[in-house]
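The values are calculated or read from the model by the stated rules, or taken from the named source; none is laboratory data. Just so we're clear, the structure is a prediction, and the values are computed from it rather than from any experiment. Every residue, glycine as well, gets a Cβ built from its backbone with ideal geometry; the counts of neighbours run over all protein chains shown.
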Amino acid sequence: MPTGEKISIRKVVIPVAGAGTRLLPVTKSQPKEMLPVGRKPVVQYVVEEMQRADLSEILFVTGRQKTSIEDHFDHDQELVRKLSEAGRSELLAALDYEDTDAGFFFVRQRELKGLADAVATGRNFVGEEPFVVALGDSIIKDSGRGALMSDMIDAFTAKHAAAVIAVEEVPADMVHHYGIVSPKGQASPGEVFEIDGMVEKPSPEEAKSHLAIAARYVFDPVIFEAIDRTVPQKGGELQLTDSVQILLNWGKPVYCMRLAKDQRRYDIGNFESYFKAFVDFAMDDEKYGYIVRQHIIRGLQAE
Ligand code: UTP
C-alpha cells in the first residue's frame with residue numbers, strides 16, 4: 001500500500017461472552033455488559049463509540065445468558081408505537097440509538113476459552129481486512145472529542161502496524177488486574193509508542209510500567225495466526241496478551257497509544273471500578289447530576 005493511503009476500517013468485534021464471575025451474584029442470570037452506568041447499559045456506550053469512528057459492521061461474540069444484548073439493539077416497533085400513542089416524546093428520544101445504519105451480527109463463543117478465543121470466533125466475519133476489537137465491558141469516556149478510536153486507526157495506517165493497542169496509566173496496586181506493557185521509550189499521554197513486551201496481570205514487582213491495556217485494539221488479520229499459535233494458560237484460557245506477544249516475537253510492528261489526558265477507561269468487570277463508573281456518570285447526569293453531587297457531599301459531611 002502506498003505511504004499515507006488511508007485504510008478504511010469498517011468492522012469491529014465486541015466480545016461479550018465472558019461469565020463475569022467477579023460480579024456475582026449480579027451476573028448469575030444477566031450479562032455484565034448490560035449493567036446500567038448513568039442512563040445506558042455499558043455495551044451501548046461501546047457501540048456508540050464505535051459508530052462515532054465510522055465502524056459500521058459490528059459483531060458481538062456472545063454466549064450463554066447474553067440474549068438481552070441482542071434484544072437491546074433490535075428496533076422495538078411495538079414499544080415505539082405505545083410511547084408515540086401516549087405522547088411520551090422524552091422516552092421515545094431514549095430509543096434514538098435504535099435508528100442506525102450499522103449492521104449488527106452475532107456469533108456464539110461455544111466454550112469460554114478466553115479473550116483470544118473470543119476474538120478468533122470473529123475470524124470469518126473479519127476476513128482479510130484490518131479490524132477493531134472493543135471489549136464490551138469497558139467504557140472510554142472523554143471530554144466530548146470521541147477521538148480515541150479514530151486516532152488509533154490513523155496510527156495503524158501511518159505506522160503500517162500489525163496492532164495498535166490502547167493503554168492507560170493505572171496505580172501500582174492495580175497492575176495485577178490488567179495486561180501491562182513494557183514501552184521502548186517515552187510514553188506520553190495521547191502519544192503512540194513502541195513496546196517490547198507485555199505481561200498479563202503481573203505483580204507490582206514484575207510490572208515493567210503502570211501502563212495497562214485499555215480495552216481497545218486495532219488489528220491486522222495476522223493476529224489470527226498468532227492466536228492459532230497461542231498456548232492456553234491455566235484454566236484453558238487463551239490470553240490475547242500472549243497472542244500479541246507472539247506478534248512481537250515475529251518482529252511485527254506493534255504499537256500502543258496512551259489515552260490522552262481527557263480520556264479515561266472505565267472497566268465494569270469488577271465492583272470497585274463499576275462503582276466508580278456508576279458514581280462518575282451519575283454525577284455527570286444532565287438532570288440529576290447536581291442532586292447526586294449534593295447527596296454525596298452531605299454524606300461525606302455527616303461522616
Ligand atoms: P474478562 O476477562 O474481564 O471477562 O473479559 P470475564 O471472563 O467475563 O470476567 P470474570 O473474570 O469471569 O469476572 C473482558 C471482555 O471479554 C469478554 C467478556 O465478556 C468481556 O466483555 N470475554 C472474555 C469473552 O467474550 N470470552 C471469554 O472467553 C472471555
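Points to keep in mind about this one:
- Single condition Ser68 does not satisfy, out of (1) at pLDDT below 90; (2) within 16 Å of the ligand (Cβ to nearest atom); (3) outside any loop (DSSP other than H, G, I, E, B): (1)
- Tabulated pairs, region 226-249, first within 16 Å of Glu194 (Cβ to Cβ) and at pLDDT 95 or above, second part of a helix (DSSP H, G or I) and of a type outside the set (Phe, Trp, Tyr), C-beta under 6 angstrom, 6+ apart or interchain: Leu247/Ala226
- Of the helices (runs of 4 or more DSSP H) lying entirely inside region 189-303, those containing at least 3 residues that are surrounded by fewer than 19 Cβ atoms within 10 Å (Cβ to Cβ) and within 16 Å of the ligand (Cβ to nearest atom) are 271-283.
- Residues that are over 20 Å from Asp242 (Cβ atoms), crowded, with 17+ Cβ neighbours inside 10 Å and not acidic (Asp, Glu) were ranked within region 151-169; the one that is farthest from the chain's Cα centre (by Cα) is Thr157.
- Search result, residues across region 172-188 that are more than 20 Å from the chain's Cα centre (by Cα) and in a loop (DSSP other than H, G, I, E, B): Lys184, Gly185, Gln186, Ala187, Ser188
- Residue match in region 137-156 (condition: out of contact with any Asp or Glu (no Cβ under 7 Å at 6 or more places or on another chain), aliphatic (A, V, I, L, M), within 16 Å of the ligand (Cβ to nearest atom) and touching a residue at least 60 places away in the same chain (Cβ under 8 Å)): yes
- Looking across region 63-98, the residues that are exposed (fewer than 12 other Cβ atoms within 10 Å of the Cβ) and acidic (Asp, Glu) come down to Asp71, Asp74, Glu78, Glu85, Glu90, Asp96.
- When Ala17, Ala53 are checked against the criterion of being touching a strand residue (DSSP E or B) at 6+ places or on another chain (Cβ under 8 Å), near the ligand (Cβ under 9 Å from one of its atoms) and not charged (D, E, K, R), a single residue qualifies: Ala17.
- In region 99-136, residue surrounded by the fewest Cβ atoms within 10 Å (Cβ to Cβ) [restricted to those that are assigned to a helix (DSSP H, G or I) and small (Gly, Ala, Ser)]: Ala120
- Counted residues, region 182-195 - those being over 16 Å from Glu168 (Cβ atoms) and modelled with pLDDT of 90 or more: 2
- Pick from region 5-14, criterion in contact with a helix residue (DSSP H, G or I) (Cβ under 8 Å, 6 or more places away or on another chain) and of a type in the set (Lys, Arg), ranking: nearest to the ligand (Cβ to nearest atom): Lys11
- Selection within region 20-50 - within 12 Å of the ligand (Cβ to nearest atom) and on the phi > 0 side of the Ramachandran plot: Gly20
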